[in-house]
Structure formats: structure tokens, C-alpha cells
Amino acid sequence: MSALLEVEGLHVWFSREDDVDLHAVRGIDLAINSGERLGLVGESGCGKTTTALAIMGLLPPNASVAGSIRFQGEDMLAGGEETVRPHRWVDVAIVFQGAMNALNPVRTVGSQIVEALELHDRATGAGARARTAELLESVGLPAAREARFPHELSGGMRQRAAIAMALACNPKVLIADEPTTALDVMVQAQILELLDSLCRDFGLALILVTHDLPVVAQLCDRGAVMYAGEIAETGTVDALYHEPRHPYTRLLFAATPDLGGDGDVVSIPGAPPRLDRPLAGCPFHPRCDRVFEPCPTIPPQLKTVATRHAAACHLNDVPAPIA
Ligand code: SF4
């Protein structure tokens, strides 16, 4: 049986004025079922947000896409905008990075939610206003806040309003792109609790895009670690944390203050590679503390290393365990 949402062989290129294309996403596969929570993790510029926007069909005009993105078996990419539009917001919705970017600053939050409902024929007039009140209350905002402009709300309230708007059409998959960035720690915890309860109450599948591993550990069942537009490793959160099979995953955890284990926080040297140039061998090799003979020239393939656990690292082809 096919997954609720399946991404297969997804590539995204951005054309530029200098005629050098930027190959931002390089052939990734992802799948998620109802009620599952998948964390898409990695440093800035590794392709997480581009992947999310490709799923929504919201990439800018200079992007070209290859591969397939299927919702309940139906390829949303097959006919471009015509085939993705019926699914956008209705089946798959997104909470954008930074609620202030998602909300129109010169409209009240209520009118924006009403508009979303009306545009998708979910409700009109008094029915849309009643549903808006219901949606705001479901994300912990008093219904009276519908009359407020985004700048009249706190950061946490704006994020709740953005989540309410994403939920307007009862989507089955919610993509949350860095939903807690720029929020203080207490509000972050509240937003994560809200996402957790919404997923439980509505059986939502959640794709959480974040650079924050503790957030993934707290909220997700599975994680996919992206590096240089590829999936470096994917598995249950438990397996990624306790038995990482890719040095980048191990270093990401070690670089996280809360989850570093022995208390020492290490930084990952260097920076991700430029994606407007061909990559040789393993894209992580210039930064890897376990680099060996084949790494600079032979690209490792994503291979199964255990049940529901795969990694793209040559170390998994040699007998010595990765440590
Ligand atoms: Fe490091 Fe080589 Fe594995 Fe890449 S393939 S992560 S360079 S050990």
C-alpha cells in the first residue's frame, strides 16, 4: 500500500542570471503515513525548505523540478500547477518560517482565515466566521483575537494564528518549517505542545523542518538528515540518536548542547559545500572526521543499515563499526 505522501527521486534546480544552475535538492526519497511525524533536519542551505516548498508547489519561477510527489498515489507534479493546486492547503498545508512572513500585515488574522475558507469553498459568510473562531480556539487563541492585526499579537500568538490558517481546510499532512525559530524558549515549548496535540487530535501527518535536533527528538517518530541536498541518513529518532550510521548525524547530535551526552559540545568544522558546482565523492568528506580512501571520489549511496534505518556512508560497507 502506498504511503499518504511519497516523494521519489526529487530534484530541484534554481536557474540564475549567470547561467550556473544551483542544484538544491539532489534525488531524495521521503514517505509519510497518517499520524506519523517526520523531522527533516540539517544545517541551513541543505535543501530542507526547498523540499517543503516543492511539496507545496510553491517554488519560485526560476526553479525546475524533477521526480514525483504523490499524495495518496496521485502524482502532484505530473501536470504542474494544475495537479498540485487541488491538493495545496486542502490535503497538504504548510506553516511558513516566521509567522510574520505568512500573515498579511494589513489584514486582520480573522479575515485571512475567512478568505482561506472561502477560496477553497469550505464555508462562506457567517459559517466561515464561525469556523474561524473554532480554528482560533483549537490553537489556543480566544476567538476575539480574530479582529487583531498580526502586529497586535505576540510572536507566539502569531504562530498560533498561522497554524490555524494552515488547518483551515482540514489537511492530512502539515509541514511546519522552523515553527519555533525566533520564539523564546517558553513559547517554543508551547508551540511544540500545540503541534503535538493537533497531530494527536486530528491524526495529522507532520513534516517538521528544523535545524534543531532536540525539537525533532521531542516531537517526531522518524528523522531524515539532509546534507547538500541529499538524504545522509534516515531512521527512527531513537536509532539516529543512539546508533547514528553517518558521521554528520553523530556530529550534529554532538554539536547540540542538550543532547551532547558527555556535556562537551563540539562544532562541525567548515561549511556545507556550494551547490552551484559539481560535488565529488561524498559531499561531507571535507568536514568528516572519519574520511578515508573512497570518500573524496566515490559518492556513497543511501543503503539500508537496519530495519527502517538507512545511511549514505562508505563506513557502513566496511566491517569496523562506525563510532
Ligand atoms: Fe565521512 Fe566518508 Fe562516510 Fe562521507 S562516506 S560521511 S566522508 S566516512
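The values are calculated or read from the model by the stated rules, or taken from the named source; none is laboratory data. Source: prediction; values computed, not measured. Cβ sites come from the backbone with ideal geometry, for glycine too, and all protein chains shown count toward neighbours. Calculation scope for accessible area: heavy atoms of the full protein, side chains included, ligands and nucleic acids excluded. Shrake-Rupley method; radii C 1.70, N 1.55, O 1.52, S 1.80 Å.
Computed values, structure above
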item: Residue-averaged [θ]222 nm for the chain, counting only DSSP H segments that reach four residues, each worth -39500 (n - 2.57); result: -8000 deg cm²/dmol
item: Size of electric dipole in the chain: Cβ of Lys, Arg +1 and of Asp, Glu -1, about Cα centre, debye, nearest 20; result: 300
item: Cα centroid separation, region 115-179 to region 1-79 (Å); result: 26
item: Interchain or long-range residues, amide H under 5 Å from residue 95's placed H; result: 175, 176, 177
item: Table column - 3J(HN,Hα) (Hz), region 307-312, Karplus curve with 6.51, -1.76, 1.60, x for Gly and Pro; result: 4, 6, 9, 9, 8, 10
item: Fluctuation leader among 290, 16, 88 - the chain, Gaussian network, Cα springs under 10 angstrom; result: 16
item: Compactness relative to 2.2 N^0.38 Å, alpha carbon Rg of region 34-87; result: 1.22
item: Dipole of the chain, positive direction: furthest Cα of 24, 147, 159, with charges on the beta-carbon; result: 147
item: DSSP H segments from the chain that extend 18 Å or more along their own axis, Cα-based, with Kyte-Doolittle mean of -1.0 or above; result: 125-138, 185-202
item: Probe 1.4 Å, protein heavy atoms only - accessible area per residue of region 194-287 in square angstrom; result: 42
item: Built amide H within the under 5 Å cut-off of residue 40, gap 5+; result: 208, 209, 210, 224
item: Residue 232 long-range amide H proximity, modeled H, under 5 Å; result: 225, 226, 227
item: Per residue accessible area of region 20-171, 1.4 Å probe, in Å²; result: 42
item: Over the chain - Rg/Rh using Cα atoms and the Kirkwood inverse-distance radius; result: 0.98
item: Within a Gaussian network of the chain (alpha carbon springs, distance under 10 Å), most fluctuating of 207, 191, 268; result: 268
item: Interatomic Cα distance distribution for region 33-177, bins of 5 angstrom, percent; result: 2, 10, 18, 20, 19, 15, 10, 5, 1
item: Gyration tensor over alpha-carbon atoms, region 154-205, equivalent ellipsoid semi-axes in Å; result: 19, 12, 9
item: Relative contact order for the chain, counting Cα pairs under 8 Å that sit 6 or more residues apart, in percent; result: 19
item: In nm, spacing of pseudo-spin labels at residue 293 and residue 101 (7 Å Cα→C-beta vector); result: 4.5
item: Sorted largest first, extent of region 211-283 alpha carbons per principal axis (Å); result: 35, 26, 19
